[in-house]
């Protein structure tokens, strides 16, 4: 395959058969085009893609929790402590299945993270059957705000 891949010319089948190196490069380039006001880190490993939002022109974390997410597992006090910890460290692992319903991220941050998920989904598939403990994906996605050693910064 040529060095310069144009995704619009690829079928879904061709996209999911690209190497992780090629997928990471395509995703990185698309993020640079779509989000001029953001800086991302895009790294690949054998079967995963790790994308971190490092800098942006908006706040990533909400100033305070206004709506408690009732999952029966955490109290509002615990959720406030989680938010304080994330803001202090400038880092959060993002559950990409629950971006839209997260109480910790600003609306603008959620929109960016959701678009990142949509973009990566173009190169992924999921034929998993969790009931039989069978997992079959092209790659696993790990979304982060900041890194453990590089906190998120608003610029």
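Taken together, the values in this text are just the output of simple stated rules run on the coordinates, not laboratory data. Not measured: the values here are computed from a predicted model. Counting neighbours? That spans all protein chains shown, and the Cβs are built from the backbone with ideal geometry, glycine included.
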For segment 10-155: relative contact order, % (alpha-carbon pairs under 8 angstrom, 6 or more apart) | 33 percent
For 128, 52, 13, what's the fewest-to-most ordering of other Cβ within 10 Å of each Cβ?
-> 13, 128, 52
Give the angle, between 0 and 90 degrees and rounded to the nearest 10, that separates the Cα long axis of helix 76-89 from the longest principal axis of the Cα atoms of the chain.
-> 60 degrees
How many percent of the alpha carbon pairs in segment 92-155 exceed a separation of 17 Å?
-> 51 percent
For 39, 130, 116, 27, what's the fewest-to-most ordering of other Cβ within 10 Å of each Cβ?
-> 130, 39, 27, 116
Taking only Cα atoms and a 10 Å spring cutoff, compute GNM fluctuations for the chain and point out the largest among 51, 145, 16.
-> 16
Once Cα extents along the principal axes in Å is worked out from the coordinates, which option in [x] 57, 38, 26; [y] 49, 32, 27; [z] 52, 44, 25 does it equal?
-> [z]
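Before rounding to the nearest 500, sum -39500 (n - 2.57) across all DSSP H runs of length at least 4 in the chain and divide by the residue total; then give [θ] at 222 nm in deg cm²/dmol. Before the final figure, lay out each step's value.
Values: 4 runs with 48 residues, N = 155.
Helices in the chain give a 222 nm mean residue ellipticity of -9500 deg cm²/dmol.
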Starting with the fewest neighbours, write out 154, 50 ranked by other beta-carbon atoms found within 10 Å of each beta-carbon.
-> 154, 50
